[in-house]
1. Rounded to whole Å, give me the distance from the Cα center of region 1-28 to that of region 93-111.
2. Which of (1) 64, 35, 25; (2) 47, 29, 27; (3) 37, 33, 28 is the computed Cα extents along the principal axes in Å for the structure on display?
3. Given only helices, namely DSSP H runs of n ≥ 4 each adding -39500 (n - 2.57), what is the per-residue ellipticity at 222 nm of the chain, to the nearest 500 deg cm²/dmol?
4. Return a whole-number percent for the relative contact order of region 3-137, with Cα pairs under 8 Å and 6 or more residues apart as the contact set.
């Protein structure tokens, strides 16, 4: 799944995330990029549901990492905003999670620097209005969203 999409509700964002989740496998890194409130956590909620996670998925802004074990998958939701670079990211268990086969959903991935693998998936969000968002999945950065 690759392309530019528009969503206009939480439900539409979750549906897009469900479709995207079907392609994920253990050890994948999903980079979630966009301004505060752009839809990164909402998208992760859809991913979690699609991966069989039960329970509430909230933003890890203050706790930095939230682990969600699904029926068949292990999703780790990270918010790296408060971290200062690769050493901090390693210290919160980055390599351990990947070794365990977790799917990492990473907000503010630029803080991870060179730890982001070349095959990482990239999902970028942009506000278009109150509920409306444009979502770019694995699109070149040169494509303006």
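Read the figures in this text as sums done on the coordinates, not as results from a lab. Bear in mind the structure is a predicted one, so any value in this text is a computation, not a measurement.
1. Each part's Cα centre sits 19 Å from the other's.
2. Here the calculated entry is (3).
3. Numbers: 4 runs with 35 residues, N = 145.
Calculated mean residue ellipticity at 222 nm is -6500 deg cm²/dmol.
4. Details: 257 pairs, mean separation 48.1, N = 135.
Dividing the mean separation by the residue count of region 3-137 yields 36 percent.
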